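Trainee: Following this message is one structure expressed as structure tokens.
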Amino acid sequence: MKNKFTLLLLFFFSCALTVFSENYPYRSDVLWFTVPNHSNWLYKTGEKASVEVQFLKYGIPQDGVKVNYELGGDMMPADETGSITLKNGKGVVNIGTMKSPGFRDCRLTATINGKTYKHHVKVGFSPEKLTPYTKLPKDFKQFWNEQLEISSKFPLKYTKEFCKEYSTDKIDCYLVKLQLNSRNQSIYGYLFYPKKKGNFPVVLCPPGAGIKTIKEPLRHKYYTENDFIRFEFEIHGLNPQMSNEEFNEISSAFNGSENGYLTNGLDNKNNYYMKRVYLACTKSIDFLTSLPEWDGKNVVVQGGSQGGALSLITAGLDKRVTACVANHPALSDMAGYKAGRAGGYPHFFRNSKDMDTPEKINTMSYYDVVNFAREITCPTYITWGYNDDVCPPTTSYIVYNLMSCPKEALITPINEHWTSDDTEYGHMLWIKNHLK
């Protein structure tokens, strides 16, 4: 199957049919428009890029405004600075080029009446040729097969409690506590069933990063309303019915830059915190495929950011997965900073100390999305944006480039670390079109 790229081209201006990057915050007096001179924001290495900058206040072009700019690689320090003065609210910044595949970031600031406004836009240079820094360990498959074998020996144990507050006339919701191992470690999740009788596909939804409750459990109720069983879970063994205050206290105590769960045990691949999390995903599939209401054919994983990473990882680990959807996946080529370019969230080499050791880099390679992406065989759909500084486009392209499974991408250049409601609903429609 040929790779399918769908470009979501947003914000047309005038008749030029040119795509804009727009910072459009709610009730803001100011708008930025940034217009790359290639409408898809992509260039070949060696090609020169430029961006037209527009700055409006109350919708009026601001003449004479000085705009300072910094240019640098994706998530890298600036290698060039300068300024332009806007005429009739417009000016052009020459972004330059790249000799190697990657992304270049144009970071803009303007000060009006003592207040500084910021914006940025990234453009890509032959990103389809990006390759990972992260190496594939020789015993990668052996290591994970051993972990899966150990996990499989623990019997399926869970409790299920009806949740009236998240049930509707079409949906029944249950709070599930799923035990993972003999050490009594567990995860919690909300399980949603269609009220009508029948057998249905199952969708596993891992969470984004952090120690927090499950956000707005009914926000994706349309999955269950469209005849899916959906299991949305947390990874830390914390009851999502706790208050936000309790979650904040736990996060403050156990999720700082010096003691966060994503660095916990990183010196040794056998002791790393995320080993239990990855196995929790496959144990969740054990649970879902044990349900008498499962259709016996379809197992889908779907998530964004850390959840996108865990979706791809689960698809690579567990061949029962029949379809995968991931937004801007985290945990991707995490050691990429060693190559002098962006690495994936959690940006160990920017946000944490003492990460550059052989032991930690070795452990990262066993847990990096890039090495699971090579193992995915089911149809997979990935969404990412170019302006994302949490899960940068460099790392999303690397993951996508590695996959040899049937794959599609929805690329939304303007997006930072978010997806629209329409895009998320589109994920469910894509899944429906890929059911067995």
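Trainee: What whole-number value in cubic angstrom gives the convex hull volume per residue for the C-alpha atoms of the chain?
Mentor: Convex hull volume per residue, Cα atoms: 164 Å³.
Trainee: Identify, among PRO207, ILE313, VAL277, the residue whose Cα sits farthest towards the positive end of the charge dipole of the stretch 206-328, taking +1 on the Cβ of Lys and Arg and -1 on the Cβ of Asp and Glu, with the dipole about the Cα centre.
Mentor: The residue sitting farthest along the positive end of the dipole is ILE313.
Trainee: Between THR314, THR395, THR97, which gets the highest mean-square fluctuation from a Gaussian network model of the chain, Cα cutoff 10 Å?
Mentor: Judging by the Gaussian network model, the answer is THR97.
Trainee: Rounding to the nearest 20 debye, state how big the charge dipole of the stretch 300-409 is about its Cα centre with +1 on each Lys and Arg Cβ and -1 on each Asp and Glu Cβ.
Mentor: Details: 9 positive and 10 negative charges, 22 e Å.
I would put it at about 100 debye.
Trainee: How large is the accessible surface per residue of the stretch 41-125, computed with a 1.4 Å probe and reported in Å² as a whole number?
Mentor: With the other protein chains kept in place, the stretch 41-125 gives 49 Å² per residue.
Trainee: On to the next question. Considering the alpha-carbon set of the stretch 283-436 alone, what are its Rg and its Dmax in angstrom?
Mentor: 15.8, 51
Trainee: Let me ask another. Could you pull out every residue, at least 5 positions away or on a different chain, whose amide H is within less than 5 Å of the one on TRP294? Hs are placed 1.01 Å off N in the peptide plane, and Pro or chain starts have none.
Mentor: Distant-sequence amide H within range of TRP294: PHE200.
Trainee: Let me ask you something else. What nm distance separates the two modelled labels at ASN264 and ASP169, each placed 7 Å from Cα along Cα→Cβ?
Mentor: A separation of 4.4 nm, rounded to one decimal place.
Trainee: So if R0 is 30 Å, what FRET efficiency would ASN145 and PHE254 give, r being the distance between their Cβ atoms, rounded to the nearest 0.05?
Mentor: That gives a FRET efficiency of 0.45.
Trainee: Applying the Karplus parametrisation 6.51 cos²θ - 1.76 cosθ + 1.60 with θ = phi - 60° to the phi angles of the stretch 29-38, what ³J(HN,Hα) value in whole Hz is obtained for each residue in order, glycine and proline being reported as x?
Mentor: 7, 10, 10, 9, 10, 10, 10, x, 7, 10
Trainee: Listed here are the pairs LYS135/LYS283; LYS212/LYS283; LYS66/LYS118; which of them are more than 24 Å apart at the Cα? Walk me through the numbers before you get to the answer.
Mentor: Working: LYS135/LYS283 27 Å; LYS212/LYS283 21 Å; LYS66/LYS118 12 Å.
Violating the 24 Å Cα-Cα cut-off are LYS135/LYS283.
Trainee: Follow-up. How long is the gain from LYS436 to GLU161 if the chain were fully straight, where each residue apart is worth 0.36 nm and the alpha carbon distance is subtracted?
Mentor: 96.0 nm
Trainee: Right, another one. So who's got an amide H within less than 5 Å of the one on HIS120, skipping anything under 5 residues away but keeping other chains? H placed 1.01 Å off N, in plane.
Mentor: Residues meeting the criterion, in which the H sits 1.01 Å from N, are LEU108.
Trainee: Taking θ as phi - 60°, what are the ³J(HN,Hα) couplings along the stretch 342-348 by the Karplus curve (6.51, -1.76, 1.60), each to the nearest whole Hz, with x for Gly and Pro?
Mentor: Result, ordered by residue: 4, x, x, 4, x, 6, 3 Hz.
Trainee: While we're here: Roughly speaking, what is the stretch gain from ARG27 to LYS195, that is 0.36 nm per residue apart minus the C-alpha to C-alpha distance, in nm to one decimal?
Mentor: 56.4 nm
Trainee: For the stretch 225-283, with equal point scatterers placed on the C-alpha atoms only and solvent neglected, what are the log10 I(q)/I(0) values from the Debye formula at q = 0.13, 0.20 1/Å, to two decimals?
Mentor: Those come out to -0.48, -0.91, one per q.
Trainee: How big is the gap, in Å, between the Cα center of the stretch 44-66 and the Cα center of the stretch 204-255?
Mentor: What the calculation gives is 40 Å, centre to centre.
Trainee: If you stretched the chain out fully between LYS118 and LYS138, how much longer would it get, using 0.36 nm times the residue separation minus the C-alpha to C-alpha distance?
Mentor: 2.7 nm
Trainee: What angle do you read, to the nearest 10 degrees and between 0 and 90, between the alpha-carbon axis of helix 306-317 and the longest principal axis of the chain?
Mentor: It works out to around 50 degrees.
Trainee: Take the solvent-accessible surface of the protein heavy atoms, probe 1.4 Å, and return the percent of it on the chain that carbon and sulfur atoms account for.
Mentor: 48
Trainee: Shifting gears a bit: Would you calculate a helix-derived [θ] at 222 nm for the chain, using -39,500 (n - 2.57) for each DSSP H run of n ≥ 4 and dividing by the full residue count, to the nearest 500?
Mentor: Numbers: 10 runs with 99 residues, N = 436.
Computed ellipticity for the chain at 222 nm equals -6500 deg cm²/dmol.
Trainee: Mind putting a number on the dipole of the chain about its Cα centre? Charges go on the C-beta only, +1 for Lys and Arg and -1 for Asp and Glu, and I need it in Debye to the nearest 20.
Mentor: Approximately 740 debye in magnitude.
Trainee: Let me ask something else. Reported to two decimal places, what Rg/Rh ratio describes the stretch 205-339 when computed on Cα atoms with Rh from the Kirkwood expression?
Mentor: Expressed as Rg/Rh, it is 0.98.
Trainee: Sticking with this structure for a sec: Nearest 10 degrees, 0 to 90: what angle lies between the long axis of helix 358-367 and the longest principal axis of the chain (Cα atoms)?
Mentor: So the inclination is approximately 70 degrees.
Trainee: With 21 Å as the limit, write out which pairs from LYS87/LYS122; LYS129/LYS338; LYS138/LYS275; LYS48/LYS87 have Cα-Cα distances beyond it, or answer none.
Mentor: Those over the limit are LYS87/LYS122; LYS48/LYS87.
Trainee: Suppose every K and R has +1 on its Cβ and every D and E has -1 on its Cβ; what is the size of the dipole of the stretch 82-126 about the Cα centre, in Debye to the nearest 20?
Mentor: My answer is approximately 40 debye.
The values are calculated or read from the model by the stated rules, or taken from the named source; none is laboratory data. Since the structure is predicted, the reported quantities are computational estimates derived from the model, not experimental observations. Don't worry about glycine lacking a Cβ; one is built from the backbone with ideal geometry, like all the others, and counts go over all protein chains shown. To get the accessible areas, we keep the full protein, side chains included, count just its heavy atoms, and leave off ligands, DNA and RNA. Shrake-Rupley method; radii C 1.70, N 1.55, O 1.52, S 1.80 Å.
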